[in-house]
Amino acid sequence: MGDTEFQPRSVFKNLGVLLDSGLTFTKQVDDLCRKCYCHLKNISSIRHVLTQDSASALARSLILSRLDYCNSLFTGLPQNQLNRFQRIQNITARMVTRSPYHCHITPVLQALHWLPVSARIDFKVLCLTYQCVSGEAPDYLFNLIQQYIPKRHLRSYNFNQLVVPKGKLASFGQRAFAVAAAEKWNSLPVELRFVTTLPIFKSRLKTHLFKIHNRN
């Protein structure tokens, strides 16, 4: 611009999220894991003087809140990246409950009423989708989704479904909000798609996701 030269950067930060040129989020995952482990170490050092409720509150405030921040961006990340987040949550859950390392983690997460990482990502995407469907979302999100209207009058028209766009790239297309939101929304039970308020939707969605992951 004019006489000013702009140098391209491979990574930059926006709203606290490290974005790389390939949208792999590798730097963001590394940075997030580093911060979470730091807080985990600090809480662990004083765990012996904390009640379980106090330890849980600290874990939710300092660790889970970071895993949840902008986590809709992590939709479709490689499993090995998501496993790093899940490992942090598992260690945190064992620290809070003082459960031995060798014990199965699912009952521990259930006791704390914590959804696993992948379900927390689905929860965030679906809550944003609900706001789009109900007209509560900002235009930049609302304009990404499209209500499914069949060419002929079909019973499916009453199912409150969304159009699933075709991803342009195999790697990134399926991770796009428009694609992920529509696929996840259409997979919900019909009655959940017709809930009238966001608080009720969140409550029932969380119950639904718990049932799915507990079954698995």
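The values are calculated or read from the model by the stated rules, or taken from the named source; none is laboratory data. Because the structure is predicted, anything quoted here is derived from the model rather than measured. Quick reminder, even Gly has a Cβ in these numbers, built from the backbone with ideal geometry, and neighbours come from all protein chains shown.
Taking Arg47 as meeting all but one of (1) farther than 24 Å from Val125 by Cβ; (2) exposed (fewer than 14 other Cβ atoms within 10 Å of the Cβ); (3) not aromatic (Phe, Trp, Tyr), write down the number of the exception.
(2)
Pick from Asn80, Asn90: which is outside the structural domain of Thr129 (by TED's automatic domain parsing) and buried (at least 17 other Cβ atoms within 10 Å of the Cβ)?
Only one candidate qualifies: Asn90.
Kindly list, by first and then second residue, each pair from a residue in region 128-142 that is assigned to a loop (DSSP other than H, G, I, E, B) to a residue that is of a type in the set (Ser, Thr, Tyr), limited to pairs with Cβ atoms under 7 Å and residues at least 6 apart or on different chains.
Sorted first by the residue in region 128-142, then by its partner, the list stays empty.
Here are some residues: Leu18, Leu62. Which one is in contact with a helix residue (DSSP H, G or I) (Cβ under 6 Å, 6 or more places away or on another chain) and not in a helix (DSSP H, G or I)?
Leu18
Take the conditions without any contact (Cβ under 8 Å) to a residue 60 or more places away in the chain and under 18 Å from the mean Cα position of the chain (by Cα) and apply them to Leu50. Does it pass?
no
For residues in region 69-127 being in a helix (DSSP H, G or I) and hydroxyl-bearing (Ser, Thr, Tyr), which is farthest from Leu19 (Cα to Cα)?
This residue is Thr97.
Any residue in region 186-199 that's more than 15 Å from Cys127 (Cβ to Cβ) and touching a residue at least 12 places away in the same chain (Cβ under 8 Å): show its pairings with residues that are surrounded by 10 or more Cβ atoms within 10 Å (Cβ to Cβ) and acidic (Asp, Glu) at Cβ separation under 7 Å, as long as the two are six or more apart or on different chains.
none
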